[in-house]
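Only one structure is covered here, and it is reproduced in the block below.
Each value in this text was obtained by applying a stated rule to the coordinates, not by laboratory testing. This one's a predicted model, so the numbers in the text were calculated from it and none came from an experiment. Using ideal geometry, Cβ is built from the backbone for each residue, glycine included, and neighbour counts are taken over all protein chains shown.
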Amino acid sequence: MTTIDNWQKSSFSGSGDGNNCLELGSTPTTLHVRESDTPTTVLTITPAALALLLEGIRTGAGQLG
């Protein structure tokens, strides 16, 4: 498993104390997303899969109802 050494925090975390942020790390082939208050739980995704997810969100594809 590749270790991510350079996590980047989101620039906007909403209201509150600002300690809970979305963080992004990357390797040459994958993206890694975690929440700063639970850094041991990491979502790993390829750039192509992320692009499909974002396109689905933008177009509303897969909505129920």
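Of the residues ARG58, ARG34, the one with the fewest other Cβ atoms within 10 Å heads the list, and the complete ranking is ARG58, ARG34.
Less than 5 angstrom separates the built amide H of CYS21 from those of SER36, ASP37, all sequence-distant by 5 or more or on a different chain.
Couplings 3J(HN,Hα) for the stretch 30-45, derived from phi with the Karplus relation 6.51 cos²θ - 1.76 cosθ + 1.60 (θ = phi - 60°), are 9, 10, 10, 10, 8, 9, 4, 7, 9, x, 7, 9, 10, 8, 10, 8 Hz, where x marks Gly and Pro. Less than 5 angstrom separates the built amide H of THR30 from none of the residues sequence-distant by 5 or more or on a different chain.
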